[in-house]
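Here's the structure, in structure tokens; my notes come after.
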Amino acid sequence: MSASYTRIGPVLSFFHKPDVSYYGGDGTVYTDKMVVCKDDMGAAYVAGTSFAVPWISRKLAYLIHIMGLSREVAKALLIDAASGWNRRDDISHRIGYGVVPKHINEVLKTPNDEIRFIMTGASEEYETYTYNLPVPVVDHAHPFYARATLAYFPQCDRKQGVDYTSTEMDIQFGRVVAKRGSTMIKAIDDNRQSEEKQITLYEEDARKMYRKWDNVKHISEKIKEKRGPRKAYDSGLWGLKINTKECLQKRKDSLPFGVVVTLKEMNGVNRIDDFVKMCLARGWLVQRLDIENQLDLYAKAEEEIEFE
């Protein structure tokens, strides 16, 4: 439940507020509030975003400094974990993309029937893309639900106000279709903004449907009772394309981004090993995020060495 002091967006013309939610304490009696350390004598019962924010900051710091992830990937992971497969945000945006899980394992680990992979890069040209993602095929179809979260940190210009970011990244993710000598992505959210053929799409609709000018893009399918695997096209591959557009003038430096993709097997089957083997066969360098190994590395790096 959102707290009584919750402030909601959209801010200015369209920005969501907040991005995610957490536990901030609310109510008239002390048992409804958050318990924090006051001093060596005991605890204090408090409420407010000033006490909820450090919990999120702690998770973000853990992902960046201990797990070794970039800030773009760390933000995308938190939003992706908060959203899950059943986003709770509504037209009021009272809880943003959702409530971040309490335990960090729920952010970093996935169930056996899910495949999650992270892609990072830096946008230097108009298009950054790959048509070479080998999603497993079963009986000529892909038995997966899919979602993807993109995060990046663009600059703003005071001449434009905070209504616009200076850079827009438009993401397309889905099956690769080859027709008449051309290759395109059949996006899971039917995003066709960057297609070469002429399409009538107004600015207001692009903001509402595809979050244009927002520095977070979250696209996701809903899990339905009636499962329907997607047809696998000739290549059996999926693709990811990011189109970068400038609001004012061209950037001099590249802009880093992080993408978190999650595939959920419709029948509960574990296909992670098949996916890894197929990626290796297609030339991908696959590196698993080993939590225990990262913890050991961090502990070793923090050891104090005393020279005799």
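The values are calculated or read from the model by the stated rules, or taken from the named source; none is laboratory data. Since we're looking at a predicted model, the values are computed, not measured. Virtual Cβ from ideal backbone geometry, glycine too; neighbours counted across all protein chains shown. When the accessible area is computed, the model is the full protein with side chains, heavy atoms only, and any ligands, DNA or RNA have been set aside. Shrake-Rupley method; radii C 1.70, N 1.55, O 1.52, S 1.80 Å.
Look through the stretch 122-168, keep the residues that are more than 30 Å from Pro229 (Cα to Cα) and open to solvent by less than 40 Å² (accessible area, probe 1.4 Å), and return whichever of them is modelled with the highest pLDDT. Let's see the steps before the verdict.
Start the filter on the stretch 122-168 by keeping residues that are more than 30 Å from Pro229 (Cα to Cα), which leaves 122-126, 152-168.
Imposing the further condition that a residue be open to solvent by less than 40 Å² (accessible area, probe 1.4 Å) reduces the set to 123, 152, 154, 161, 165-168.
Details: Ser123: 88, Tyr152: 94, Pro154: 89, Gly161: 64, Thr165: 80, Ser166: 84, Thr167: 88, Glu168: 88.
In this case the residue turns out to be Tyr152.
Does Glu106 satisfy the condition of being among the charged types (D, E, K, R) and modelled with pLDDT under 85? In short, no.
Looking only at residues of the stretch 1-41 that are aromatic (Phe, Trp, Tyr) and assigned to a loop (DSSP other than H, G, I, E, B), we find that the one that is modelled with the highest pLDDT is Tyr22.
In the set Arg175, Arg192, which member is touching a residue at least 60 places away in the same chain (Cβ under 8 Å) and over 17 Å from the mean Cα position of the chain (by Cα)?
Details: Arg192 fails: touching a residue at least 60 places away in the same chain (Cβ under 8 Å).
Only one candidate qualifies: Arg175.
In summary, Ile171 fulfils each of the numbered conditions (1) surrounded by fewer than 16 Cβ atoms within 10 Å (Cβ to Cβ); (2) within 20 Å of Arg87 (Cβ to Cβ) with the single exception of condition (1).
Among the residues of the stretch 17-30, those that are in contact (Cβ under 8 Å) with a residue 12 or more places away in the chain and open to solvent by 40 Å² or more (accessible area, probe 1.4 Å) comprise Lys17, Asp19, Tyr22, Tyr23, Asp26, Tyr30.
Which ones in the stretch 187-220 are open to solvent by 50 Å² or more (accessible area, probe 1.4 Å) and within 21 Å of Asn86 (Cβ to Cβ)? Can you show your working first?
Pass one, the stretch 187-220, residues open to solvent by 50 Å² or more (accessible area, probe 1.4 Å): 190, 192, 196-205, 208-209.
Those that are open to solvent by 50 Å² or more (accessible area, probe 1.4 Å) and within 21 Å of Asn86 (Cβ to Cβ): Asp190, Lys208, Met209.
Conditions tested, residue by residue: (1) among the basic types (Lys, Arg); (2) in contact with a Lys or Arg (Cβ under 6 Å, 6 or more places away or on another chain); (3) surrounded by fewer than 20 Cβ atoms within 10 Å (Cβ to Cβ); (4) more than 14 Å from Leu133 (Cα to Cα).
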{"position": "Lys222", "(1), (2), (3), (4)": "yes, no, yes, yes"}
{"position": "Glu225", "(1), (2), (3), (4)": "no, no, yes, yes"}
{"position": "Gly236", "(1), (2), (3), (4)": "no, no, yes, no"}
{"position": "Val259", "(1), (2), (3), (4)": "no, no, no, no"}
